[in-house]
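The values are calculated or read from the model by the stated rules, or taken from the named source; none is laboratory data. Predicted, not measured: the structure shown is a model, and the values here were computed from it. Glycine also receives a Cβ, built like all others from the backbone with ideal geometry; neighbour counts cover every protein chain displayed. Surface accessibility is based on the protein's heavy atoms, side chains included, excluding ligands, DNA and RNA. Shrake-Rupley method; radii C 1.70, N 1.55, O 1.52, S 1.80 Å.
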Amino acid sequence: MTRTLLIIDIQQDYFPGGRHPLVGPEAAADRAAEVLAAWRERGEPVVHIQHIWDAPDAAFFQPGTPGVEIHPSVAPRDDETLLTKALPNAFLGTGLEGVLREQHAATAAEAAEAAEGAPQLVVMGMMSSMCVDATVRAAADLGFQVTVVHDACAAPDLSFDGVTVPAAQVHAAFMAALGDSYAEITSAEELLIGS
């Protein structure tokens, strides 16, 4: 079954020198680039999501700034779908669900597969604790079969009740929660070996 690759918010502000750098974004982007290259080689569908925070007091991702741009390692090609969003859940106000269902129907017909099967979605991006989490949960609720590439995602350090939670623990907690009932969690290597 053909799967759509969904790349969420791998944008310059999340990298060193950006306005909201995460922990380990370079390694995550490297893994994402490997998966993207494999998808392109097979001619499978890819959808890119770009967050634009169009508000005067936006902390990052402001229109017209270098930080809003998608990282060059995973930049969309002209023949790939690019959707912009303003909220953590990439399905809200973007038309993403329609795009994915259309792609599923088209690829199912081309491969003479049963179009009634659950559309498969492979997700990677930033941040694990916000937009990846919100989008994966929404995708599962909409009936998509979701796989998250955990090492192609990155998170920030977070704070709660005076305690700083390191990014590695933030990321692990969110991957564990998503893996409990919303998605299959895999590494880039495991995904590409199994594809």
State the extension gain, in nm to one decimal, for the chain segment bounded by LEU92 and VAL165, taking 0.36 nm per residue of separation less the distance between their alpha-carbons. 23.4 nm
Using a 1.4 angstrom probe and counting only protein chains, how large is the accessible area of THR135 in Å², to 10? 0
Antiparallel versus total DSSP beta bridges in the chain: what percent is that, nearest 5? 15
The rounded separation in angstrom of the Cα centers of region 4-34 and region 148-177 is 14
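Would you work out what percent of the accessible area of the chain, with all protein chains in place, is carbon or sulfur (probe 1.4 Å)?
Values: 4830 of 9050 Å².
On the chain, the fraction of accessible area on carbon and sulfur atoms equals 53 percent.
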Using only the alpha-carbon atoms of the chain as identical scatterers, what base-10 log of I(q)/I(0) does the Debye formula give at q = 0.15, 0.17 Å⁻¹? -0.87, -1.13
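Quick check for you: with a 1.4 Å probe and neighbouring chains kept, what is the accessible area per residue of the chain, in Å²? Let's see the in-between values first.
On the way: 9050 Å² over 195 residues.
Normalised by residue count, the accessible surface of the chain is 46 Å².
Can you give the local net charge around SER187? Use residues other than it whose beta-carbon is closer than 9 angstrom to its beta-carbon, Lys and Arg +1, Asp and Glu -1. Don't skip to the answer; put the middle values down first.
On the way: positive: ARG31; negative: ASP151, GLU189, GLU190.
That sum, taken over residues with Cβ under 9 Å, equals -2.
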Beta bridge orientation in region 1-110: antiparallel %, DSSP, nearest 5: 10
